[in-house]
Amino acid sequence: MDYSVDPNTPPTTNSEEDSLREQFFSYIFHELRTPLTVIHSYAQILTTKLPQTPEFNSQRRISEQMVVQGDEMVDMIEELLEASRIPSKRLNLDLIEHNLQELLDSLIERLKEAEGKEITWQAPGRAYTVMVDGSRLERALKSVLNYVLQVEEKAEIRLEEDPATGQVRLLIPAPGLHMTPEQVRELFDLYRPVRREQPFQTDIPKAGSLDISLYVARGLVEGHGGKLDYSQELPGFILTFPLLGD
């Protein structure tokens, strides 16, 4: 059988290849999400409909675990989809004006409830407006905060404005997180999960279920024209965003 390329077939450009790759992964993740949504929905119904009597405790625990695992699976699928978009810079951000203080207040409140840990930040004396995709920025911030909360009992966000550059910096200290330069270089790497076999990677926490959440977080922040870095001097994470002009 001849597997040679037909010389009459037009070559695929990088742009077309990126587009096809994104469409392919979007299709696969959609197909995976459809049956998962059905299973998740039935598990939620079962959890709420089971009688509140001791003989159903076992079934209730199973259905509740199905709901939790379903939520985690949906989140992993969304993270993989974001990761597939980042190299081709096809994030398709829905940019809307947001009050940065309100966005952070909302995210911190929900994270407090989910993580059961203290997260604090000093609200600025003035309002800061940013042009961002709220849900995507929240995903990035949540990934960083969850990472810090693996090594700290509480998390703190500090805000600094640089009027000269029209940017705002969010500093998230992690004094208990000590990393070598090699670990810092690998921290935001998509292939970090398969590099963890290296000795220097074994003593720092995973970045989410798939260990790629910091890669996705950096890609989302850069998609907003910002930066996400780990500072050994802080030590901790620094997120930089452009402010919307007055």
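The values are calculated or read from the model by the stated rules, or taken from the named source; none is laboratory data. Since we're looking at a predicted model, the values are computed, not measured. Glycine also receives a Cβ, built like all others from the backbone with ideal geometry; neighbour counts cover every protein chain displayed. Quick note on the areas: whole protein, heavy atoms, side chains included, nothing else; ligands and nucleic acids left out. Shrake-Rupley method; radii C 1.70, N 1.55, O 1.52, S 1.80 Å.
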Highest mean packing first, using Cβ neighbours within 10 angstrom, the peptides 232-240, 208-216 sort as 208-216, 232-240
Let me make sure I get this right: for the stretch 50-183, a, b and c are the square roots of the gyration tensor eigenvalues over alpha carbons, sorted descending. Under 1.5 in a/c it's rounded, otherwise prolate if a/b > b/c, else oblate. Which is it?
prolate
Indicate the gyration tensor shape class of the stretch 108-156 (rounded, prolate or oblate), computed on the Cα atoms with a ≥ b ≥ c the square roots of the eigenvalues: a/c under 1.5 is rounded; otherwise a/b larger than b/c is prolate and the rest oblate.
oblate
Relative to the compact globular guide of 2.2 N^0.38 Å, what is the alpha carbon radius of gyration of the stretch 77-150, as a ratio?
1.22
Residue-span extension gain [Val38 to Leu190] - 0.36 nm each, minus C-alpha spacing:
51.7 nm
Nearest 0.05, what FRET efficiency do Thr120 and His178 give at R0 = 22 Å with Cβ-Cβ as r?
0.45
What is the magnitude of the charge dipole of the chain about its Cα centre, with +1 placed on the Cβ of each Lys and Arg, -1 on the Cβ of each Asp and Glu, and no other charges, expressed in debye to the nearest 20?
400
With point charges of +1 on the Cβ of Lys and Arg and -1 on the Cβ of Asp and Glu, referenced to the Cα centre of the chain, which listed residue (Leu170, Leu234, Ser106) lies farthest in the positive direction of the dipole?
Ser106
Go ahead and estimate [θ] at 222 nm for the chain from helices alone: -39,500 (n - 2.57) per DSSP H run with n ≥ 4, summed, over the residue count, rounded to 500.
-16000 deg cm²/dmol
Averaging over every viewing direction, what projected area does the convex hull of the Cα atoms of the chain cover, in nm²?
20.6
Starting from the 7 Å offset along Cα-to-Cβ, what nm value, one decimal, do you get for the label separation of Leu93 and Lys49?
4.4
Measure of exposure for Glu16: accessible area at 1.4 Å probe, Å² rounded to 10, is 90
